[in-house]
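Engineer: Right, I'll just put the structure down here and ask away after.
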Amino acid sequence: MELHDHGLASDLEMMRRQAAERRQVLRWLLAGAATLPLISCGGSSDASDTTAGSNAGTVTIPTAGACTVIPEETGGPYPADGTNTHGGSIVNVLNQSGVVRGDIRASFNGATGVAAGVPLTIELQLLNASGGCASLAGYAVYLWHCDRDGLYSLYSSGVTAQNYLRGVQETDSTGNLSFTTIFPGCYAGRMPHGHLEIYPSLARAASASNRIKTSQFTFPMATLNEAYAARGYTASVRNLAQISYASDNVFSDGTRLQMATVTGNATDGYVATLVIAVNG
């Protein structure tokens with residue numbers, strides 16, 4: 001046994017710290033973490049040890065039981081969640097049959113179009129920032145984004161009869177969910193991005209008035225440059241050269257909590273993973 005002369009006070013303080021650390025570990029376990037590789041919220045260079053699972057990436061709670069809520073952002077002009085109109089009619093997919101789905105590449109509820117592009121899987125995990133970063137099971141995410149040409153279904157000319165690249169998923173017992181989609185294009189004036197609305201349950205996701213968070217996420221520049229070298233993304237190459245994160249009206253204040261971690265390639269497809277903290 002190592003000898004020291006720090007005194008009883010030092011020993012008691014060390015024992016107190018060790019006991020506190022054991023209590024904190026127990027709280028994490030009871031909060032529902034299935035594994036304990038530690039990462040921070042957000043998908044930028046702060047993240048590590050993200051492992052793809054059968055349903056979604058297995059991404060566990062951050063260090064020290066603290067995580068930062070993802071910024072609130074505009075839903076933009078093309079949400080199709082019942083909060084705006086197009087062509088004089090309210091546009092709402094949230095109450096349409098078939099909107100709850102994992103693969104959002106095809107249109108649904110009678111529409112037949114399919115969005116073409118580089119395959120992309122989006123894996124998200126929801127954490128409770130006000131509850132020790134515990135996983136949020138049974139919550140729902142409505143996700144939408146533009147197609148390869150930078151067009152939004154139901155709104156943009158040429159695709160108003162389509163409702164592809166929109167869907168709702170429910171988180172599993174570990175707060176994870178997954179969407180199968182295509183890599184979004186870059187249209188003039190915006191960095192490439194996806195939109196999401198978060199709901200406290202799948203049942204409440206039928207109405208936008210129940211959403212608890214609206215936000216956006218983006219992708220690393222290296223991934224964008226690689227993806228846009230693929231066939232069909234010529235306009236995205238041109239538009240991306242004219243914009244940056246710093247000049248984008250959403251991401252100019254920083255991307256740390258909204259930058260997905262991406263693996264894969266333009267031939268086989270990409271997997272984008274993001275941990276999202278909200279006040280559950």
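Engineer: Label-point separation (nm) for residue 188 and residue 221, each offset 7 Å from Cα along Cα-to-Cβ?
Structural biologist: 2.3 nm
Engineer: Roughly how many whole Å is it from the C-alpha centroid of the stretch 129-177 to that of the stretch 92-124?
Structural biologist: Answer, in whole Å: 9.
Engineer: What does the convex hull of the alpha-carbon atoms of the stretch 198-263 project to on average, in nm²?
Structural biologist: Details: hull surface 26.1 nm².
With every direction weighted equally, the projected area is 6.5 nm².
Engineer: Under a crude label model (7 Å from the Cα following the beta-carbon direction), how far is residue 172 from residue 97 in nanometres?
Structural biologist: 2.8 nm
Engineer: Output needed: percent of Cα pairs per 5 Å distance bin for the stretch 156-209, bins running from 0 to the one holding the longest distance.
Structural biologist: It works out to 4, 13, 20, 22, 20, 13, 7, 2, 0, in whole percents.
Engineer: Continuing with the same structure: Test of understanding: what is the full-extension gain from residue 201 to residue 130, defined as 0.36 nm times their sequence separation minus their Cα-Cα distance? Could the numbers behind the result be given before it?
Structural biologist: Values: separation 71, 0.36 × 71 = 25.56 nm, distance 1.73 nm.
Length gained, residue 201 through residue 130: 23.8 nm.
Engineer: Counting residues in the stretch 237-280 as N, plug N into 2.2 N^0.38 Å and put the Cα Rg over that result. Display every interim value, and only then the final one.
Structural biologist: Working: Rg = 13.6 Å, N = 44, 2.2 N^0.38 = 9.3 Å.
The reported ratio for this selection is 1.47.
Engineer: Hey, another quick one. Where the convex hull is taken over the Cα atoms of the stretch 115-183, what is its projected area averaged over directions, in nm²?
Structural biologist: Values: hull surface 20.9 nm².
If you wrap the Cα atoms of the stretch 115-183 in a convex hull and average its projections, you get 5.2 nm².
Engineer: Can you list residues from other chains, or at least 5 along the same chain, whose modelled amide H is less than 5 Å from the amide H of residue 86?
Structural biologist: Sorted by chain and number, the residues that satisfy this are 91.
Engineer: If Rh is defined by the Kirkwood formula over all Cα pairs and Rg also comes from Cα, what ratio Rg/Rh do you get for the stretch 110-265? Kindly include the intermediate steps, with their values, before the conclusion.
Structural biologist: Values: Rg = 15.9 Å, Rh = 16.5 Å.
Ratio value, two decimals: 0.97.
Engineer: Let me ask something else about it. Could you calculate the contour length gain from residue 279 to residue 157, that is, 0.36 nm times the residue separation minus the distance between their Cα atoms, to one decimal place in nm?
Structural biologist: Numbers: separation 122, 0.36 × 122 = 43.92 nm, distance 3.75 nm.
Roughly 40.2 nm would be gained on extension.
Engineer: Could you order peptides 139-152, 177-190, 70-83 by the average number of other Cβ atoms within 10 Å of their residues, highest first? Mind showing how you got there, number by number?
Structural biologist: On the way: 139-152: 23.4, 177-190: 21.4, 70-83: 18.1.
Top to bottom by mean Cβ count within 10 Å: 139-152, 177-190, 70-83.
Any read-out appearing in this document is the output of simple, stated calculations on the displayed coordinates, not a laboratory observation. Just so we're clear, the structure is a prediction, and the values are computed from it rather than from any experiment. Reconstructed Cβ throughout: ideal geometry from the backbone, glycine too, with neighbour counts over all protein chains shown.
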